[in-house]
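The values are calculated or read from the model by the stated rules, or taken from the named source; none is laboratory data. On a predicted model such as this, the values are computed, not experimentally measured, just so you know. For neighbour counting, all protein chains shown are included, and Cβ atoms are generated from backbone atoms with ideal geometry for every residue, glycine included.
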Amino acid sequence: MMFKKGTKLYSISKGKCPKCQEGEFFKYKFSLNPSKITKIHDNCPNCNLKYMLEPSFFYGAMYVNYGFSVALFVGVFIISKLIIGLSILQSFVAIIVVSLLLSPLTLRLSRIIWINMFVSFEEKK
């Protein structure tokens with residue numbers, strides 16, 4: 001199973017620490033409050049892994065978020081223009097609306113994916 005404990009997908013989908021996969025990564029459950037969306041713990045509450053591996057570590061998550069955004073824009077455009085048959089202007093409005101609605105999700109997802117690229121699961125001894 002792809003989402004079992006010990007896999008990167010488990011950590012990403014559950015929002016858990018990439019090292020122990022027990023502690024919460026984000027301080028708050030999913031929220032639309034802009035000040036709470038990307039707030040993370042300084043350290044894992046369980047294994048004490050320091051999440052900010054180096055100064056400005058999560059600036060790299062912008063690249064992951066950019067990839068999500070481009071894929072999202074292309075997908076929404078194809079669906080709205082080719083499948084639904086909206087005009088170009090309506091398609092761009094659809095892209096803007098969908099990206100605004102999904103930006104909290106993509107911001108959180110990009111951060112947890114970014115740290116999972118650098119930290120691996122370590123089973124308890």
Some residue of the range 83-99 being of a type in the set (S, T, N, Q), in contact (Cβ under 8 Å) with a residue 60 or more places away in the chain and surrounded by fewer than 14 Cβ atoms within 10 Å (Cβ to Cβ): no
Among (1) modelled with pLDDT under 95; (2) in contact with a helix residue (DSSP H, G or I) (Cβ under 7 Å, 6 or more places away or on another chain); (3) among the small types (Gly, Ala, Ser) - the single one SER13 does not satisfy: (2)
Members of the range 1-41 found to be outside any loop (DSSP other than H, G, I, E, B) and of a type outside the set (S, T, N, Q), listed by number: LYS8, LEU9, TYR10, ILE12, LYS14, LYS16, GLU24, PHE26, ILE40
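Across the range 75-122, what is the number of residues that are within 30 Å of LYS16 (Cβ to Cβ) and either in contact with a Ser or Thr (Cβ under 6 Å, 6 or more places away or on another chain) or outside any loop (DSSP other than H, G, I, E, B) (or both)?
The number of residues fulfilling the criteria is 21.
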Some residue of the range 10-33 being more than 30 Å from LYS124 (Cβ to Cβ), under 19 Å from the mean Cα position of the chain (by Cα) and in contact (Cβ under 8 Å) with a residue 24 or more places away in the chain: yes
The range 52-82: number of residues that are touching a residue at least 60 places away in the same chain (Cβ under 8 Å) and under 13 Å from the mean Cα position of the chain (by Cα): 0
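Just checking, which of TYR51, TYR63, TYR28, TYR10 is of a type in the set (Phe, Trp, Tyr) and in contact with a strand residue (DSSP E or B) (Cβ under 6 Å, 6 or more places away or on another chain)?
Going through TYR51, TYR63, TYR28, TYR10 in turn, just one is of a type in the set (Phe, Trp, Tyr) and in contact with a strand residue (DSSP E or B) (Cβ under 6 Å, 6 or more places away or on another chain): TYR51.
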Filter result for the condition that a residue is surrounded by 12 or more Cβ atoms within 10 Å (Cβ to Cβ) and within 30 Å of PHE121 (Cα to Cα), over PHE68, PHE73: PHE68
Among (1) part of a loop (DSSP other than H, G, I, E, B); (2) modelled with pLDDT of 90 or more; (3) over 13 Å from PHE121 (Cβ atoms) - the single one PHE58 does not satisfy: (1)
